[in-house]
Amino acid sequence: MLPRHIGKRLKKIKNMVVTTVVRLSHGRRFDVMVFPERPTRHHLLFWSVWAAGGMIRYYSSVSECRLLFFFHDATCSPPSLTTFAKHEFRNKTVINGRCVDISKLYIDQRHIEVFGYGLNLTRDALQGREDELFVVKSNENCRHDGVLTPGRDCDGKLMSHDTVVQEYIDTTVMLDGEPHLCDLRVGVGGDKILYVVQKYKTKDHTFRSYATYMALAQPDLVFSNKEKEKLLAFARAVNLELGELDVLVDRTSRRLFVCDVSRTPMRLSPKLRSDELAYCYRKIADVIGSYAARADLSG
């Protein structure tokens, strides 16, 4: 077992090697401005821009850049911030500039519009289901604080705007003869599904991001054409132009549920094989490159 600090360094090295190989195949050089925050080496955008042949610049340092990524690592962006961005960058190509709310309440409203059903429950929906278990979690993104709670104890949680009560979606599959939960991390960009990462974890890690095993899957083998159309329609509904969706597939009904939207996702996990990492980064790099080319034309 490697010491923790060595393990972390090896993870960074793996991302660096893979993205540099992809970068060499792209060849093109360009700058991407970021606003209002700067991504770190822990973020997917940092490595993806590098893989695409670009360099990240903070918005105040390179005013001549025509490509901007609205990067705000928060659940909701305040109106004052988005108003400033619209005025300051009105002549630039902006990625995710209108993706300003990824709260559970907001994305569930968009989910109902696109899919015809959602995850969040109302008081009426809990009637007569006192003994069933439901998920109580924060309305904020990336908290990983879900708790299975009996229906009889959920009523008070519905009074708060800070929490949501959701259906529990059973995603159990068999892996090596053992039951595991399978979450899907779906990369989207340029109105395309770029990749699907299958994240397998044991039930004691139900609401944690930790996965015991990860594997890359082709979107066509995971989703039907109609399901892919729905996922892309959902991404458009929340104004996500480049990012990731967390998707659950109910083992009984086979219905899809988007439980989280990430507009500032973390870097791809080194639990993926090097060739799988390269595939994902190449897909994202192609999208960023197309945005860069579009920005040049608009200039």
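The values are calculated or read from the model by the stated rules, or taken from the named source; none is laboratory data. Everything numeric here is computed off the predicted structure, so don't read it as measured data. When we count neighbours, we look across all protein chains shown, and the Cβ atoms used for this are built from the backbone with ideal geometry, even at glycine. Accessible surface areas use protein heavy atoms only, side chains included; no ligands, DNA or RNA. Shrake-Rupley method; radii C 1.70, N 1.55, O 1.52, S 1.80 Å.
Brief remarks on what is shown
- For segment 120-193, the gyration tensor built on C-alpha atoms gives an oblate shape. Its axis ratio a/c (a ≥ b ≥ c) is at least 1.5, and a/b is not larger than b/c.
- Taking each of Lys137/Lys271; Lys230/Lys283; Lys92/Lys283; Lys12/Lys157 in turn, the alpha-carbon distance tops 30 angstrom for Lys12/Lys157.
- Computed on the chain, with alpha-carbon pairs under 8 angstrom and 6+ residues apart, the relative contact order is 21 percent.
- Projected area, mean over directions - segment 224-296, Cα convex hull, nm²: 6.5 nm²
- Proximal lysines relative to Lys228, as straight alpha-carbon distance under 16 Å, when same-chain residues fewer than 8 apart are discounted: Lys192
- Residue ranges 90-102, 172-184 sort as 90-102, 172-184 when ordered by packing (mean number of other C-beta atoms within 10 Å per residue, highest first).
- Peptide packing for 206-215, 281-290, 233-242 was compared via the average number of neighbouring C-beta atoms within 10 Å per residue; ordered from the highest value, the list is 281-290, 233-242, 206-215.
- Farthest positive-ward along segment 110-163 dipole, Cα basis, beta-carbon charges - from Gly156, Gly128, His144: His144
- Placing +1 on each Lys and Arg Cβ and -1 on each Asp and Glu Cβ, with no other charges, gives the chain a dipole about its Cα centre of roughly 1380 debye.
- Dipole in debye (nearest 20) - segment 251-299, about Cα centre, beta carbon charges: Lys, Arg +1; Asp, Glu -1: 360 debye
- Packing order of peptides 41-50, 244-253, highest average first: 41-50, 244-253 (average count of other Cβ atoms within 10 Å over each peptide's residues).
- Per residue accessible area in Å² of the chain, where ligands, DNA and RNA are left out and the probe is 1.4 Å: 51 Å²
- Averaging Cα coordinates gives a centre for segment 108-182 and one for segment 235-299; these two points are 24 Å apart.
- Which label in [x] 46; [y] 38; [z] 61 gives the computed percent of Cα pairs over 29 Å apart: [y]
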